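What follows is calculated from the coordinates using simple rules that are stated; it is not laboratory data. The model shown is predicted, which means the values in this text are computed figures rather than measured ones. Neighbour counts run over all protein chains shown; Cβ positions are idealised from the backbone, glycine included.
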Amino acid sequence: MFGRFARSREQRMKQTIHRGIFEDNLRLLGRSTPRLEVRKRIPRVAKAALSLAVLAGVTLFTGTNVSPIFVPVQQTRVAFTAPAPAAPPALDPRLFKGARNMPLSRAFDLGVRSIIIDPGHGGEDTGAIGRGGTREKDIVLDIARRLKRRLDARAQTEVLLTRDGDHTLPLAERVAIAHADHADLFVSVHLNFVPKKPINLIETFYFGPATDAAAAAQARRENSGQGPGMSELREIIERLETQMRGEESPRLAAAIQQSVLRNGRRADAAVEDRGTKRGPFVVLNQAEVPAVLAEVSCLSNPEEETRLGAAEHREGIAAALEDGILEYLRNGETTHESKK
Amino acid sequence: MSQKSDVLAVGIDLGTSRSSISAGNGQRQWIESYVGWPKDFIAAQVVGKSVLFGGEVLEHRLMVDVCRPLQHGIIKEGIDRSEEAVKEIIRHLVELAGPAAGQKVHAVVGVPSDSLKVNRLAIRKAVGEFVDSLVVVTEPFAVAYSLGLLNNALIIDIGAGTTDLCIMHGTLPGEEDQRTLLQAGDYIDDQLFSYLQERYPRSTFNKNMVRQWKEQFSFVGDSPEEIKVVMPVDGKPLLHDIKADVKRACESVLPAIVEAVTQMIARFDPEFQAKIRKNIVLAGGGSLIGGLREHLQAALKEYGSSQVTCVKDPLFAGSDGALKLAQEMPEQYWEKL
């Protein structure tokens, strides 16, 4: 009898542990949304989004496609009133129709107000050093400063550097700066280094769960003209983070990669396109907004190292980064310098 | 249970020094965690392989680019060769396990406790290419699972790169239940190397020789036996007594381990503290250090009665536990991983 009780207790313990391991690994993959849990979480997300809608005092228009994980709503036009606190209505999936292909900033129509540019390395941490003695920390700082100058010219955006000098800056502090300054975008600038191969390559990393999209296209209309920055809507965004952030960073990465590569090929037609990748970088992992790490050049390539010595080339890279960021923000609706 | 004919469950212990695999088909294999690539065409002709592992790497180390990818228990971030080497180790281990054609592989991989999320992701990425579904757990947890010690137990897994401690209390251990120390096998090697350099400045020896001596003679406390090894002096082989240096190097890791153990146990309710102290298990290659179990037990005496034991098979304890977990994890979880 006692033995059976002990076995049953051990079995329960194992079940708890198995479930814990499963959830831990899902979290690691950025997939913390088993279907059962999604259903449970919807009302909370809905409540936040609906509260926002009430603030905006607007009417939402719906589409027709319905995701199977949401409760379908029959009306084609839904007028919002203050949600009852005890039982907030389910979020109509049709509100999110079309948002899959839309950047978060545009979905909320907020305008990105703060961009953090993070020149990699610094101080004691020189980063890579080319054969000619060029140090990664110096080049990326110069590119970051140029990028800031370019973006500063756009009055609506505040641009901050995690470091504006040659000093050591731990990864945690870089992330802390992004948090403290309510960044809306985070772009870390680095140079590649592949000593064993005489290649020049460009690649852009992002760290974000590649989860299902659940976007809020309609919310951009509610927020239009309300003036809040994305960081001020963090509470809502965080709740959508699992679904949204996973797509935002790759989108930003793709825009930057495309633009920087285009620029790189002007100088070196053979530059290799390594594309965008998920990368295990702490600085990206902990950023709470769309965040990418761009390897904008390759310092181990002697010809490229020589080119990086020229201010014109560095300015070109900064311009390409700027274009990539703008491309992301405008979702391809504008023509940029780099396309000329 | 995931153990079906169309699925091969495997448990992998990815270690700094040695990596092992235990498979549901009965295969148990291990390799030293060294990977080597021939430096050029001639080297490739001589060694006759495109990739070498373990002992072969050390044997041909002058002809190959050597990579020991899991220094301090982590994949060295941003170093391509390091990630590539981890992939080669995993590919080789899975091949050694011999899944049948068309058979899916469900793998549980043990990594150091303190592995950052980034590192666990990097390992997932490296392993993911060679298996169909994958779970990453911490190494001491895998050992605890293998022993069925799911509650009121403390596992001390002394590996080459790290010493991992993990308290089990009936649930999946959280971050606060786990600690990683860098005082482990490699640390002892470094200490011993520097002590011997100081004592015998005219002798010539290398890190590999020092590591072999440590593995052969390591002890803490008292040992009646002499420890004499051959080291060349000006090209002439001479016998040297290294007993005092081996003892000093091995004992250099003890203060950190004892401190971590006492701090971790102190977090629990006194009633549970006593239970945990009665259930301390030493695992990993470090558990083979002579006199270590007795020393730890004595060191913990002032905190109350303690019972320290050693796992029977330190080389496979982690991979066996990982295999057990792979076999017992419900199928529905595997489908999503």
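Below are the figures for this structure:
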item	result
R0 of 60 Å, Cβ-Cβ distance B:D222-A:E124: FRET efficiency to nearest 0.05	0.85
Ascending count of other beta-carbon atoms within 10 Å, so fewest first, for A:T276, B:T171	B:T171, A:T276
Exposed GluC sites (Glu not before Pro) absent: longest stretch of chain B, with sites in DSSP loops and at most 12 other Cβ within 10 Å deemed exposed	B:1-128
Least to most buried among B:C310, A:C298 (fewest other Cβ within 10 Å first)	B:C310, A:C298
Of B:S223, B:H240, B:G185, farthest towards positive along the dipole that unit charges on Lys, Arg, Asp, Glu beta carbons give segment B:185-251	B:H240
Longest segment of chain B lacking trypsin sites (Lys or Arg not before Pro) that sit in a DSSP loop with at most 12 other Cβ atoms within 10 Å	B:1-201
Other-chain or far-sequence residues with amide H under 5 Å of A:L293's (modelled H)	A:S188, A:F205, A:Y206
From phi via Karplus (6.51, -1.76, 1.60), per-residue ³J(HN,Hα) for segment B:25-40 in Hz, x at Gly/Pro	8, x, 5, 9, 9, 9, 9, 6, 7, 10, 10, x, 10, x, 6, 8
Amide H within-cut-off set for B:L238, under 5 Å, with H built and near neighbours excluded	B:M231, B:V233
Helix-only CD estimate at 222 nm, as mean residue ellipticity for chain B, using -39500 (n - 2.57) per DSSP H run (n ≥ 4)	-12000 deg cm²/dmol
Relative contact order of chain B, defined on C-alpha pairs under 8 angstrom at six or more residues apart (%)	22 percent
Area projected by the alpha carbon convex hull of chain B, averaged over all directions, nm²	18.8 nm²
Calculated on alpha-carbon atoms, Rg and Dmax of segment B:185-251 in Å	11.1, 34
In Hz, Karplus ³J(HN,Hα) per residue of segment A:263-272 (6.51, -1.76, 1.60; θ = phi - 60°; x = Gly, Pro)	5, x, 6, 5, 8, 9, 5, 8, 4, 8
Förster radius 22 Å - calculated FRET efficiency between B:R267 and B:D313, Cβ distance, rounded to 0.05	0.15
Order of A:D142, A:D273 - criterion: other Cβ atoms within 10 Å of each residue's Cβ, fewest first	A:D273, A:D142
Phi to ³J(HN,Hα) by Karplus 6.51 cos²θ - 1.76 cosθ + 1.60 over segment A:190-206, Hz, x for Gly, Pro	9, 10, 7, 8, 10, x, 7, 10, x, 10, 10, 9, 10, 8, 10, 9, 9
